[in-house]
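Peer 1: For reference, the structure I am asking about is given below.
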Amino acid sequence: MQDVYQWAYLDPHNARLLDKDFIVSTILLGNNRRLKRALLAEVGPGSTALQAAHVYGGLIPELARHIGHAGRLDVIDVVPLQAELCRQKLADLPQAEVFLADAAEFSGRQYDLVSCFFLLHELPDMTKHAVVDNLLSCLAEGGRAVFIDYHRPVNWHPLRPVMRMIYNLFEPFAASMWKNDICTFACDPGLYDWEKRTYFGGIYQKVVVTRRRP
Ligand SMILES: C[S@@+](CC[C@H](N)C(=O)[O-])C[C@H]1O[C@@H](n2cnc3c(N)ncnc32)[C@H](O)[C@@H]1O
C-alpha cells in the first residue's frame, strides 16, 4: 500500500480530491453507474452486508440506503484516513458502521452479502488469496459474495493496450486478474457456486459466489 498506492489512499489531499463520483467514473471509463447497478442488483433490502473496503464516490452511501434501516452495513478499511472519509459519508445512515480492519483478517458476524468492489486488483496475489478466503468465510449459510473488478478484455478490444499501459504505470497487481479467475484465489472453491458475468468487452467482471448449503 505504502509503495504503490500512497498517493491515492494515504495522502490526505489527494484522497479528498479523488473521492468524487466523476473521478471514479473517469477511472472506470464511464462504467461506474453500470457496475454500481450490477452490485445493487445482488443486494436485498433488509440484508446484513459487509463492504470490504472504502470506495471513492457515492457507492457506499447508496449501498447503505438500498439496504435500508431494517438491514445493516459494515464497512472495513485498513487505512485510518479512508475509514474516516467513509464514516463522514455515512454519518446520517445509522444502519451503517465503519471499522478499521484488514479484509484478509476481519472476522465479525456472518453476512447475507459480502461486497468487494475493485479491491482485489490492488493486492499482491498472496493477499488476494487471503482476502478471498477470509471474505468467503464471513458468509452466512446461503449468503452471497459479489466481486466486481478488472478482467481480461476480449482480444480485439481497442482499449486492451491502454489497459496494459495503465496497469504497468499504476496497477502492478492488476495484470493477474487477466490470467486468473477469481475462483482460483479461493482455497476451497468447491464449497461455493461461482457465476461470472463480464462487462464492456470483458474489461470488467462481476462474480457472484453463493455458499452451498451443506
Ligand atoms: C476498494 S479499493 C479501490 C476502489 C476504487 N479504486 C475506488 O474507486 O475507490 C481502495 C480501498 O481499499 C483499501 N484497502 C486496501 N487493502 C485493504 C485491505 N487489505 N483491507 C481493507 N481495505 C483495504 C484502501 O485503503 C482503499 O481505501
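Peer 1: Looking only at the range 147-182, how many residues end up being under 23 Å from Thr210 (Cβ atoms), aliphatic (A, V, I, L, M) and in contact with a helix residue (DSSP H, G or I) (Cβ under 6 Å, 6 or more places away or on another chain)?
Peer 2: The number of residues fulfilling the criteria is 2.
Peer 1: Give the residues of the range 32-46 that are touching a Phe, Trp or Tyr at 6+ places or on another chain (Cβ under 8 Å) and open to solvent by less than 30 Å² (accessible area, probe 1.4 Å), sorted by residue number.
Peer 2: First, the residues of the range 32-46 that are touching a Phe, Trp or Tyr at 6+ places or on another chain (Cβ under 8 Å): 34-35, 38-39.
Correct list: Leu35, Ala38, Leu39.
Peer 1: Additional query: Give me the pairs: first residue in the range 33-59 and under 24 Å from Leu18 (Cβ atoms) and touching a residue at least 12 places away in the same chain (Cβ under 8 Å), second residue among the aliphatic types (A, V, I, L, M) and open to solvent by 30 Å² or more (accessible area, probe 1.4 Å), beta-carbon distance under 8 Å, and six or more apart or on different chains, which are they?
Peer 2: Partner pairs satisfying both residue conditions: Ala53/Val78; Tyr56/Leu18; Tyr56/Ile23; Gly57/Ile23.
Peer 1: Residue check, Phe99 against (1) within 12 Å of the ligand (Cβ to nearest atom); (2) touching a helix residue (DSSP H, G or I) at 6+ places or on another chain (Cβ under 9 Å); (3) in a helix (DSSP H, G or I); (4) over 18 Å from Leu120 (Cβ atoms), all met but one. Which one?
Peer 2: Every condition holds for Phe99 apart from (3).
Peer 1: Pick from the range 116-142 the residues that are part of a strand (DSSP E or B) and either near the ligand (Cβ under 10 Å from one of its atoms) or of a type outside the set (Gly, Ala, Ser) (or both): which of them is surrounded by the fewest Cβ atoms within 10 Å (Cβ to Cβ)? Spell out how you get there, then give the answer.
Peer 2: Let us first name the residues in the range 116-142 that are part of a strand (DSSP E or B), namely 116-117, 139-142.
Cutting the leftovers down to either near the ligand (Cβ under 10 Å from one of its atoms) or of a type outside the set (Gly, Ala, Ser) (or both) gives us 116-117, 139, 141.
Working: Cys116: 23, Phe117: 22, Leu139: 21, Glu141: 10.
Residue satisfying both the conditions and the ranking: Glu141.
Peer 1: For Cys187, all conditions in the list (1) open to solvent by 60 Å² or more (accessible area, probe 1.4 Å); (2) within 23 Å of Leu39 (Cα to Cα); (3) away from the ligand (no atom under 16 Å from the Cβ); (4) touching a residue at least 24 places away in the same chain (Cβ under 8 Å) hold save one; what is the number of the exception?
Peer 2: Single failed check for Cys187: (2).
Peer 1: Still on this structure, I have one more. Determine which single condition Gln205 fails, assuming it passes every other condition in (1) more than 16 Å from the ligand (Cβ to nearest atom); (2) in contact (Cβ under 8 Å) with a residue 40 or more places away in the chain.
Peer 2: (1)
Peer 1: Name the residues in the range 10-64 that are away from the ligand (no atom under 11 Å from the Cβ), in a helix (DSSP H, G or I) and among the acidic types (Asp, Glu), would you?
Peer 2: Residue satisfying the conditions is Glu62 alone.
Peer 1: Now a separate question. Test each condition in (1) assigned to a helix (DSSP H, G or I); (2) more than 13 Å from the ligand (Cβ to nearest atom) for Leu73 and report the one that comes out false.
Peer 2: (1)
Peer 1: In the range 64-95, what residues are open to solvent by less than 20 Å² (accessible area, probe 1.4 Å) and closer than 19 Å to Gly46 by Cα?
Peer 2: Residues of the range 64-95 open to solvent by less than 20 Å² (accessible area, probe 1.4 Å): 64, 67-68, 71, 73-77, 79, 82-83, 85-86, 90, 93, 95.
Residues satisfying the conditions are Ala64, Ile67, Gly68, Gly71, Leu73, Asp74, Val75, Leu90, Leu93, Gln95.
Peer 1: Need the failing condition index for Gly108 against (1) surrounded by 15 or more Cβ atoms within 10 Å (Cβ to Cβ); (2) away from the ligand (no atom under 11 Å from the Cβ), just the number.
Peer 2: (1)
Peer 1: Please determine, by comparing only the residues of the range 143-168 that are assigned to a helix (DSSP H, G or I) and within 15 Å of the ligand (Cβ to nearest atom), which one is surrounded by the fewest Cβ atoms within 10 Å (Cβ to Cβ).
Peer 2: Residues of the range 143-168 that are assigned to a helix (DSSP H, G or I), as a first pass: 160-168.
Then drop every residue that is not within 15 Å of the ligand (Cβ to nearest atom), which leaves 163, 166-167.
Details: Met163: 20, Ile166: 14, Tyr167: 18.
Among those residues, the one meeting the criterion is Ile166.
The values are calculated or read from the model by the stated rules, or taken from the named source; none is laboratory data. Computed from a prediction, not measured in an experiment: that's the story for all the values here. Cβ: placed from backbone, ideal geometry, glycine included. Neighbour counts: every protein chain shown. We work out accessible area using only protein heavy atoms, side chains counted, and drop any ligands, DNA or RNA first. Shrake-Rupley method; radii C 1.70, N 1.55, O 1.52, S 1.80 Å.
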